[in-house]
2 protein chains.
Amino acid sequence: MSDTTPTPSPPPPPPIRFGILGCAYIARKLSRAITLSPTATIHAVGSRSLTKAKSFAAANSLPATTKLYDSYDGVLNDADVDAVYIPLPTSLHFRWAVSAARKRKHVLLEKPTAVSAGELDEIVRVCEECGVQFMDGTMWMHHPRTAVMAEFLSDSQRFGLLKSVQTCYSFAADDDFLENDIRVRPDLDALGALGDLGWYCIRACLFAANYELPKFVTALRNPVKNKAGVILSCGASLHWEDGAVGTFNCSFLSNLTMETSVLGTKGTLHVSDFVIPYKEKSTSFSTLSEGRFTDMDLEWNQEPSVHIVETDLPQEALMVKEFSSLVDGIKRRGLSPDKKWPILSRKTQLVIDAVVTSIDRGFEPVEVLWDR
Amino acid sequence: MSDTTPTPSPPPPPPIRFGILGCAYIARKLSRAITLSPTATIHAVGSRSLTKAKSFAAANSLPATTKLYDSYDGVLNDADVDAVYIPLPTSLHFRWAVSAARKRKHVLLEKPTAVSAGELDEIVRVCEECGVQFMDGTMWMHHPRTAVMAEFLSDSQRFGLLKSVQTCYSFAADDDFLENDIRVRPDLDALGALGDLGWYCIRACLFAANYELPKFVTALRNPVKNKAGVILSCGASLHWEDGAVGTFNCSFLSNLTMETSVLGTKGTLHVSDFVIPYKEKSTSFSTLSEGRFTDMDLEWNQEPSVHIVETDLPQEALMVKEFSSLVDGIKRRGLSPDKKWPILSRKTQLVIDAVVTSIDRGFEPVEVLWDR
């Protein structure tokens, strides 16, 4: 008689314990994501004010056991914190990401990751030196839809070779935002709409190009800046070695829109909500391959195919899950930090740098070099 | 006792009699459109070869009474021809449109209307001098969907002010096209993909801007040209006085795609088949106004609204109908030619000129001036 006793599955590893630095609006979303993720838990919240930390914990129904600190250092000095999520203004990323890494905390850093690629390089260098995982907060990377779209784009029959990608991301900021928000203040988020929204457009262009860096970038003329010189609206074209072209527009000044169209030699992909899906659990994108007109160019030979991709967990919880899994590998299985994620961050930030340089140099083309 | 006898409706005016110059592929579509239009009829076809004219007439089931000529002049010299449709290669437009106008034939001219705005100006000048209607063959202008989209774009509540428009039109030409087609030959269609496809993109940008000319235009770097210097793929940005920006890509080298996204301060419009609808009789576009994220930026407050617009007649038949109605007004009701249509052609052609100049001048911005 064979042994039919089922092997008991090993108990799940204990969750990765997160500390959150600051109580930014976006921290609410990540706090929910950490709670939803089966592999993570919120261990601590630090704010410059204990009152704010307490009201954040209450508003987000964090467990009573959550450690609340009146400083970011409090979180970093907590030996039970495995990883930190840093949603602070961009100008503070360098200081706190480096401090966290030096305390051996794994770093999940909001985008834009830094005010320049040079700063990001130093953050990543310290993370590597200290053996901690680095990942930026680009949530849509982790949506299962993104993987299905990538399959289409890598299919030589359905898509072929990339020829162009057009993308935009905008929302209509209100007067209060345009006066007071962190993202329009040169001391806090000097990259403005380029860092906040253009980040995603650039990532979409890189995604379309299988993460190959463009050879050069040219900013579109006449970006809109506020009095302090922060970009409120801008665009650029990205030019790859093989002739493929990307264009993007990002803006705080027009209605909420996030379109990406990717054109290959044989197929086209379109997605209308690539950064934050219309609905959390059910998303879609459309493709069309081998498009032709019918006889006499009266109609098309087909309409786009709509692909539905569902997910139980929202993309931000999947991001936390992926990050936690990497941290778990390092912490408990002796693995090295995954280099894919800091490389994607760096490529995005290099293109942002090139756009800024192009604007500063009167819209001249600016080379994008990995080795600078 | 009141007279209840219904007033008999007047008999419909006799149809406008078209002559077609040449048997180009697109002439088949227009021949069908003229036949479908209740206000037009095909009276004559001229080709450089009578055999071609005969086989065109047979292939398109033209009535046996259709006059067939072995020259374009044959059509122009036929006193019964009211109007001509000219689908000849662009380099021949000037000669034949001017000849037609001088013979008092109304002119429906394929796009691009001329190799330069200067040439178009001379065509339009002669048409005005001779009192004939001029219209270019931009069929989508005449689809009822276009009017419904224009309503949305002019709605200060649903759309607001234009901030940006992104558009592209491409199809994947085969090797034979890229070697031999009229549209890649410098002597026949020197504007290549810019004239053939960019024309529609530029018209879409002008449409989005309520036909206001941009202040300047900058070509994107590195257009693809063939050995003879004809554009196979290119793009440009259009910049309006008020800061609005348009970008377009047009190409013979990527899969059939024609997207237009128009972003205003309050609303967004997207259409995926603006030049030739997927289906002749039922079309759609989508809009979204006052887009916001829900609490914590988890989802959107709404998904785009899809608007269906149906039409009994295809857009090219509606174009013929509109053109014929204008011709009828001139011919039978003493009206003057409508200036709207040549003005739209000229604006489109002025932007094409500026793109070409920008490419020639190393991608410098080029002013677009109505008065040159």
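Checking A:ALA228 against (1) closer than 29 Å to B:ASN301 by Cβ; (2) of a type in the set (Gly, Ala, Ser); (3) open to solvent by 40 Å² or more (accessible area, probe 1.4 Å), which test does it fail?
A:ALA228 satisfies every listed condition except (1).
Condition check: aliphatic (A, V, I, L, M), under 18 Å from the mean Cα position of the chain (by Cα) and closer than 28 Å to A:ILE42 by Cα. Does A:ALA101 satisfy that?
no
Which of the residues spanning region B:55-102 are within 17 Å of B:TYR25 (Cβ to Cβ) and of a type outside the set (Ser, Thr, Tyr)?
Selection gives B:PHE56, B:ALA57, B:ALA58, B:ALA59, B:ASN60, B:LEU62, B:ILE86, B:PRO87, B:LEU88, B:PRO89, B:LEU92, B:HIS93.
Name the helices (runs of 4 or more DSSP H) wholly inside region B:138-230 in which the number of residues that are of a type outside the set (A, V, I, L, M, F, W, C) and out of contact with any strand residue (DSSP E or B) (no Cβ under 6 Å at 6 or more places or on another chain) is 3 or more.
B:175-180
Could you grab me the full set of residues in region B:31-62 that are part of a loop (DSSP other than H, G, I, E, B), away from every other protein chain (no Cβ under 14 Å) and open to solvent by less than 70 Å² (accessible area, probe 1.4 Å)?
The answer is B:SER37, B:THR39, B:SER47, B:SER49, B:LEU62.
Only one of (1) at pLDDT 95 or above; (2) over 21 Å from A:ASN249 (Cα atoms); (3) of a type outside the set (Lys, Arg) fails for B:LEU238. Which number is that?
Just one mismatch for B:LEU238, condition (2).
Given the residues B:SER164, B:SER154, which is the only one that is small (Gly, Ala, Ser), crowded, with 24+ Cβ neighbours inside 10 Å and more than 24 Å from B:ALA317 (Cα to Cα)?
B:SER164
For residues that are within 17 Å of A:VAL327 (Cβ to Cβ) and surrounded by fewer than 24 Cβ atoms within 10 Å (Cβ to Cβ), tally how many sit in region A:102-122.
Total satisfying the criteria: 3.
Residues A:VAL132, A:VAL124: which one is in contact (Cβ under 8 Å) with a residue 60 or more places away in the chain, assigned to a helix (DSSP H, G or I) and in contact with a helix residue (DSSP H, G or I) (Cβ under 6 Å, 6 or more places away or on another chain)?
A:VAL124
Can you find a residue in region B:77-84 that is open to solvent by less than 70 Å² (accessible area, probe 1.4 Å), within 23 Å of the chain's Cα centre (by Cα) and small (Gly, Ala, Ser)?
Scanning region B:77-84 turns up at least one residue that is open to solvent by less than 70 Å² (accessible area, probe 1.4 Å), within 23 Å of the chain's Cα centre (by Cα) and small (Gly, Ala, Ser).
Taking A:GLU128, is it over 30 Å from B:SER233 (Cα atoms) and acidic (Asp, Glu)?
yes
Considering only residues that are open to solvent by 30 Å² or more (accessible area, probe 1.4 Å) and out of contact with any Gly (no Cβ under 9 Å at 6 or more places or on another chain), look in region A:189-212 and name the one that is farthest from A:PHE94 (Cα to Cα).
A:ASN210
Select from region B:162-190 the residues that are within 9 Å of another protein chain (Cβ to nearest Cβ) and more than 20 Å from the chain's Cα centre (by Cα) and list them in ascending order.
Correct list: B:LEU162, B:LYS163, B:SER164, B:ALA172.
If I go through region B:240-272 residue by residue, how many of them are over 23 Å from the mean Cα position of the chain (by Cα), part of a strand (DSSP E or B) and not β-branched (Val, Ile, Thr)?
Final tally of qualifying residues: 2.
Here is a check on your reading of the model: is A:VAL81 more than 21 Å from B:ASP297 (Cα to Cα), assigned to a helix (DSSP H, G or I) and β-branched (Val, Ile, Thr)?
No; evaluated as a whole, the condition is false for this residue.
Just the residues that are open to solvent by 20 Å² or more (accessible area, probe 1.4 Å), away from chain B (no Cβ under 13 Å) and β-branched (Val, Ile, Thr), please, taken from region A:278-324.
A:ILE308
Based on what the data block shows, is A:GLU128 under 21 Å from the mean Cα position of the chain (by Cα), under 25 Å from A:LYS321 (Cβ atoms) and open to solvent by 20 Å² or more (accessible area, probe 1.4 Å)?
yes
Quick one: which of A:VAL327, A:VAL275 is closer than 30 Å to A:LEU213 by Cβ, open to solvent by less than 10 Å² (accessible area, probe 1.4 Å), in a loop (DSSP other than H, G, I, E, B) and more than 8 Å from every other protein chain (Cβ to nearest Cβ)?
The match here is A:VAL275.
Can you report the number of residues in region A:133-148 which are surrounded by fewer than 23 Cβ atoms within 10 Å (Cβ to Cβ) and aliphatic (A, V, I, L, M)?
Total satisfying the criteria: 3.
Scan region B:242-258 for residues that are closer than 18 Å to A:SER251 by Cβ and open to solvent by 10 Å² or more (accessible area, probe 1.4 Å) and jot them down.
Listed by number, the residues that qualify are B:ASP242, B:GLY243, B:VAL245.
The values are calculated or read from the model by the stated rules, or taken from the named source; none is laboratory data. Fair warning: this is a prediction, and the values are worked out from it, not measured in the lab. Cβ atoms come from the backbone with ideal geometry, glycine included; neighbour counts cover every protein chain shown. Only protein heavy atoms, including side chains, enter the accessible area calculation; ligands, DNA and RNA are left aside. Shrake-Rupley method; radii C 1.70, N 1.55, O 1.52, S 1.80 Å.
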